[in-house]
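Everything below concerns the one structure shown next.
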Amino acid sequence: MKALRTIIFAILLTGLYSTRTFSQNHGFGIGILIGEPTGISMKGWLSSKTAIDAGLAWSFVEERSLHFHADYLWHFLHRIDNQDEIPLYYGIGGRIKIKGDHDARIGMRMVFGIGYMFEDAPFDLFLEIAPILNLLPSTKMSANAGFGTRFFFH
């Protein structure tokens, strides 16, 4: 855990001394996701309107579990005062949830979210909800939701 904090601090420190133009609709970002589940969030832009995001997170509700998800996202970008961007986005992907030694669930996710991309900083903020259709070992509906921030490398 101490190593992870050191890595995150180094990433943030590097970003603070960067002199590039900042825009979060390209490049790769990594940060935190807080909610159900809570963990690490990553996003890689494929074009100015599409991206792939992924998360590695832990659930502390009911039984502890490890979650991994990956989604393909489509964005609709809106500007505020010709500066900061607020994208609305949706996407589809998959999720694996592991509880204990022998209990795993595999499902499909539909993601809906809103973000905030700063014009003058390499960070974004986001809020999303993801209904999930678990397919294995049985069919069952569930959902994830959370908010987070990511630092972008260009």
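Since every read-out is calculated from the coordinates, none of them should be taken as a lab result. Predicted, not measured: the structure shown is a model, and the values here were computed from it. All Cβ positions, even for glycine, are placed from backbone atoms using ideal geometry, and neighbour counts span all protein chains on display.
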If amide H atoms are built 1.01 Å from N in the plane of the peptide, which residues on other chains or at least 5 residues away come under 5 Å of the amide H of K49? none
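Quick one: length gained pulling S142 to W58 fully straight, 0.36 nm per residue minus the C-alpha distance?
Working: separation 84, 0.36 × 84 = 30.24 nm, distance 1.56 nm.
Additional length available on full extension: 28.7 nm.
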Given a cut-off of 27 Å, name the pairs among K43/K99; K49/K97; K99/K140 whose C-alpha atoms lie farther apart than that in the structure shown. K49/K97
What percentage of all Cα-Cα pairs in region 104-154 are separated by more than 19 Å? 44 percent
Modelled label-to-label distance, W74 and I106, 7 Å Cα→beta-carbon offset: nm? 2.6 nm
Write down the Å³ per residue value for the convex hull defined by the alpha carbon atoms of region 65-154. 100 Å³
